[in-house]
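One structure is given below, encoded as structure tokens.
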Amino acid sequence: MSWASSNFSDCGCLDEIATKLMEATPNDVSPISTEIPPGYPLFTPEHKSYMSKVLTPELYSLLKDRVTSSGFTIDQVIQTGVDTPHLGVGCVAVDEECFQVFKELYDPVIERWHNYKPSDSHKVDLDSTHLTPSDSLDPAYIKSTRVRAGRSLRGLPLPPGASRSDRREVERLIKTSLERMDGDLGGSYFPLGQMTPEQEDQMREDHFLFQKPGGGTLLSNAGAARDWPDARGIFHNHEKSFLVWVNEEDHMRVISMQNGADIIEVFDRWVRGVTAVRKSLEDGGYDFMHNEHLGYIGTCPSNLGTGLRASMFVRLLLLGEDPHKLDEICSSLGLQARGSAGEHSAAIGGWYDISNKARIGKSEVELVQTMIDGVGKLIEMEKDLELEHK
Ligand code: ADP
Ligand code: MG
């Protein structure tokens, strides 16, 4: 019987896990004792995440009886990584307190994913005059520009842990705060459940709306897609250049976007938007989840810190011919390439969503600068390839 297909109800199962762990001893797992706690997950060779490497039986024993003040446990934190073996991080936060209560798991995962130590401090710089423009951002290669960041409300569980009533309360508070905003940021809230399928598809096709979480994804396996589409929705201004997603992966995703390559205009609007949302929530007695060390807190530890992803839709027909090579080049420039419809989608017509890869340990301005410089470099490389192909 293979490890992956072993029957968990079989009373020899824990022995089998112990034997496999001893045999496999993944590179970065500390020595393992044969004492396997009864609730220890069945990790297979397909489990790639840092969570699965860090969570030894000893660590699981240490954490298994701890609860946050809202009653959340380590099993809720790791469930998505157990059920979705290919994930890189493999754990989520269920509330703000998780990072403290299960520190022994999150600290090493965060350190490995972000190269960010428990003693490091979050950096902030929202001043676009500190950005250096690039002459290489040729508009012929760039369709649109977007900046987004996750924000969540202190005192309420994050989507993996939110009950139906918690989620509706998050939606009510955010809707009320957003509807207080005016000027070019003022707009309306559109609940997902009240959209027709055609409206929903159109919003998605236009790159304004989040994807519907499918089975086997981080969100569905974390329990964050329960009751879909209840209490999910999108706020946007008239121009659809300032948008807020509600109750997708985080309580909020605050987004600024527009056609073209004017990153300064997009970034400045994002800064004004996120500042105005915070002010409006504070007026109602609420604040974002955040602290000096972790910055802004959200569901996925990959989005801590600034939570900021600045992207451009860039046409890279030749560079994109070898997607693995493109991924390598992007990685060396501190970038990530996504397809034309968001994470894990394909690039249609050579159009890639190129964004900064890091989120924490660098300020917003530094991350946007990484995106500007990297996209400029990719366009230069694409032009060199065009010359070679002539
Ligand atoms: P995130 O979760 O980081 O907000 P996703 O990968 O889920 O991003 O993408 C959300 C949507 O935003 C998708 O439709 C994607 O194509 C779109 N998008 C991302 N970057 C840009 C951009 N620069 N211009 C236009 N749309 C974009
Ligand atoms: Mg996403």
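Quick notes on this structure:
- Span from the the range 166-207 Cα centroid across to the the range 313-341 one, whole angstrom: 32 Å
- Proximal charge balance of residue 63 [Cβ under 14 Å; K/R count +1, D/E count -1]: -3
- Counted by Cβ distance under 10 Å from residue 149, the other residues give a net charge of +3, where Lys and Arg count +1 and Asp and Glu count -1.
- By the Kirkwood approach, averaging reciprocal distances over each pair of separate Cα atoms, the range 219-335 gets a hydrodynamic radius of 16.8 Å.
- Listed pairs 175/212; 143/240; 53/377; 357/383; 103/362 exceeding 26 Å between Cα atoms: 53/377
- Of the peptides 334-347, 374-387, the ranking by mean beta-carbon count within 10 Å, highest at the top, reads 374-387, 334-347.
- Kirkwood Rh, angstrom, the chain [1 / mean 1/r, Cα pairs]: 22.2 Å
- Springs between Cα atoms under 10 Å define the GNM used for the chain, and in it the highest mean-square fluctuation of 324, 290, 114 occurs at 324.
- Relative contact order (%) - criterion: Cα under 8 Å, at least six apart; region: the chain: 19 percent
- Added length on full extension, which subtracts the Cα-Cα distance from 0.36 nm per residue, residue 199 to residue 387: 63.4 nm
- Under the Karplus curve 6.51 cos²θ - 1.76 cosθ + 1.60, θ = phi - 60°, whole-Hz ³J(HN,Hα) for the range 272-288, x wherever Gly or Pro sits: 4, x, 5, 5, 5, 5, 5, 4, 5, 5, 4, 4, x, x, 10, 9, 6
- The range 64-136 - Rg (one decimal) and Dmax (whole number), Cα, Å: 16.9, 56
- Applying the Karplus relation 6.51 cos²θ - 1.76 cosθ + 1.60 with θ = phi - 60° to the range 36-53 yields 3J(HN,Hα) values of 9, x, x, x, 5, x, 8, 8, 10, x, 6, 6, 9, 5, 4, 4, 5, 7 Hz, where x marks Gly and Pro.
- Highest-fluctuation residue, 218, 243, 209 considered, GNM on the chain with Cα pairs under 10 Å: 209
- MRE, 222 nm, helices only [DSSP H, n ≥ 4, -39500 (n - 2.57), over the chain, to nearest 500]: -10500 deg cm²/dmol
- Prolate/oblate/rounded label for the range 265-320 (Cα gyration tensor, a/c 1.5): oblate
- Taking 139, 157, 191 in turn, the Gaussian network model of the chain (Cα-Cα springs below 10 Å) assigns the largest fluctuation to 139.
- Around the amide H of residue 260, modelled in the peptide plane, lie the amide H atoms of 144, 145, all under 5 Å away and 5 or more residues distant in sequence or on another chain.
- Computed over the range 46-201, the quotient of the alpha carbon radius of gyration and 2.2 N^0.38 Å is 1.35.
Every number here is computed from the coordinates shown, using simple stated rules; none is lab data. The structure presented is a predicted model; accordingly, all values stated were derived computationally and were not measured. When we count neighbours, we look across all protein chains shown, and the Cβ atoms used for this are built from the backbone with ideal geometry, even at glycine.
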